[in-house]
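S.K.: Have a look at this one before I ask anything.
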Amino acid sequence: MTKKILILPGDGIGPEIVAEARKLLQALRAGGLDIALEEGLIGGAAYDAKGHPLPDETLAQAQQADAILLGAVGGPQYESLERPLRPEQGLLGLRAGLKLFSNLRPAILYPQLAGASTLKPEVVAGLDIMIVRELTGGIYFGQPRGVRELDNGEKEGFNTLVYRESEIERIGRSAFEITRLRGRRLCSVDKANVLEVTELWRQTMIRLAADYPDVELSHMYVDNAAMQLVREPKQFDVMVTTNMFGDILSDAAAMLTGSIGMLPSASLDAAGKGMYEPIHGSAPDIAGQGVANPLATLLSVAMMLRYSLDQAAAAAAVETAVGRVLDQGLRTRDIAAPGEATVGTVEMGDAVVAALGA
Ligand code: IPM
Ligand code: MG
């Protein structure tokens with residue numbers, strides 16, 4: 001049956017990088033992949049057109065799609081809007097509305113780019129980490145939240161870090177299952193020495209471990225995990241953590257690989273339906289210049305093929321094509337060594353599509 005893919009370009013460099021992914025999807029369709037492509041509005045682009053960062057039509061389109069490809073949201077021109085109208089709320093609304101609780105953020109260092117990392121090559125060579133971030137709970141969504149005025153007139157801001165056992169169990173099982181398919185070592189990251197909710201997190205992970213005797217479970221406090229990520233990142237196989245810790249650690253892990261412009265992500269629901277997006281943001285500083293690196297978006301298409309469309313061979317073909325263009329020496333600005341020649345967004349996208357058929 002034809003699989004419906006919803007494309008949400010969003011803001012900043014979103015439309016440019018997504019255009020390259022559309023080209024790739026069209027090439028795959030021409031090669032026999034049974035997909036139909038649809039477009040929708042999200043973020044600031046949706047606010048400009050419809051007055052809301054997540055219009056009802058977009059949520060309905062997303063609910064009907066088999067998979068979603070998102071570019072990026074946000075930009076300085078939207079920062080003064082009231083919070084519910086900001087572009088980020090479009091993204092958070094989709095995550096919550098579609099119950100995409102399991103966020104997979106791989107950090108893989110392509111050997112061709114070992115020199116692009118700010119860490120020594122021997123520390124990062126061969127790096128292959130998967131961060132599993134809980135995405136629909138924790139402090140991002142906990143109630144109550146807000147800013148209130150105290151009796152003395154002083155303002156007080158507050159957010160709530162809350163996890164139910166069932167939420168922890170759901171993300172825990174997702175992480176154990178993924179770990180089974182990789183190096184079988186799972187590190188759960190918490191702050192159990194200070195926060196009761198993450199003490200429950202740790203106890204729940206320990207309870208679940210009994211069902212996955214083939215996986216080795218370890219625990220680490222988040223501050224130590226941040227330090228270990230830059231000290232000796234190759235000690236990790238899979239890390240599982242809360243929404244906010246995962247937000248922070250995944251940016252750190254991304255930078256180990258040299259450029260955040262290389263890394264895709266998947267956000268999955270319980271049935272494997274997913275939203276796929278590069279983990280970098282909308283990069284308003286380079287938007288419209290044709291210099292953004294489209295590879296994270298193309299690799300997000302590969303994740304979509306693997307996790308939502310059951311097309312492991314096509315996923316591997318896309319990943320191989322990306323490796324080939326790196327072998328050919330093609331570099332966008334963000335992954336070029338000083339003085340090295342660079343290509344633009346479109347050239348890079350064309351090269352991957354060409355390498356796919358090679
Ligand atoms: C991410 C981003 C988002 C987040 C923002 C844009 C809301 O930083 O996907 O990591 O904090 O989750
Ligand atoms: Mg983030």
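S.K.: Test of understanding: in a Gaussian network model of the chain with alpha carbons linked when under 10 Å, which of Glu82, Glu39, Glu16 would top the mean-square fluctuation ranking?
M.R.: Glu82
S.K.: Let me ask something additional. Tell me which GluC sites (Glu not before Pro) from region 266-358 have a DSSP coil assignment and no more than 13 other beta carbons within 10 Å of their own. Please list the in-between numbers first.
M.R.: Numbers: sites: Glu319, Glu340, Glu347; in loops: Glu340.
Passing both the DSSP loop test and the Cβ count: Glu340.
S.K.: I've got another one for you. Using 0.36 nm times the number of residues separating Glu165 and Met244, minus their current alpha carbon distance, what extension gain do you get?
M.R.: That works out to 26.7 nm of additional length.
S.K.: Which of Met275, Met220, Met304 moves most in a GNM of the chain, Cα contacts under 10 Å?
M.R.: Most flexible of the set in this elastic network: Met220.
S.K.: Which residues does a label at Arg333 reach in region 294-308, if reach means a backbone N under 13 Å from a point 7 Å past the Cα toward the Cβ?
M.R.: So the set is 294.
S.K.: At 0.36 nm per residue, minus the direct Cα-Cα distance, what do Asp48 and Glu216 gain on full extension? Give it in nm, one decimal, please. All intermediate terms of the calculation are to be shown ahead of the outcome.
M.R.: On the way: separation 168, 0.36 × 168 = 60.48 nm, distance 4.88 nm.
Answer, rounded to one decimal: 55.6 nm.
S.K.: Same structure again: Counting residues in the chain as N, plug N into 2.2 N^0.38 Å and put the Cα Rg over that result.
M.R.: Values: Rg = 20.2 Å, N = 358, 2.2 N^0.38 = 20.6 Å.
Here the Cα radius of gyration is 0.98 times the empirical estimate.
S.K.: Then there is this: With springs connecting C-alpha atoms under 10 Å apart, model the chain as a Gaussian network and identify which of Leu59, Leu150, Leu33 has the largest mean-square fluctuation.
M.R.: Leu150
S.K.: Placing +1 on the Cβ of each Lys and Arg and -1 on the Cβ of each Asp and Glu in region 107-262, which of Val230, Leu195, Leu109 has its Cα farthest towards the positive end of the resulting dipole?
M.R.: Leu109
S.K.: Could I ask something else about it? Going by how many other beta carbons lie within 10 Å of each one, how would you line up Phe141, Phe101, Phe236, Phe158, fewest first? Mind dumping the intermediate values first?
M.R.: Working: Phe141 16, Phe101 21, Phe236 25, Phe158 10.
Ascending Cβ contact count within 10 Å gives the list Phe158, Phe141, Phe101, Phe236.
S.K.: Could you give the length gained by full extension between Glu38 and Glu196, i.e. 0.36 nm per residue of separation minus their alpha carbon distance, to one decimal place? It would help to have the intermediate numbers written out before the result.
M.R.: On the way: separation 158, 0.36 × 158 = 56.88 nm, distance 4.43 nm.
This chain segment gains 52.4 nm when fully extended.
Read-outs: derived from the displayed coordinates by stated rules, not from any lab. It should be emphasised that the depicted structure is a prediction, and the values quoted were computed from it without experimental measurement. Counting neighbours? That spans all protein chains shown, and the Cβs are built from the backbone with ideal geometry, glycine included.
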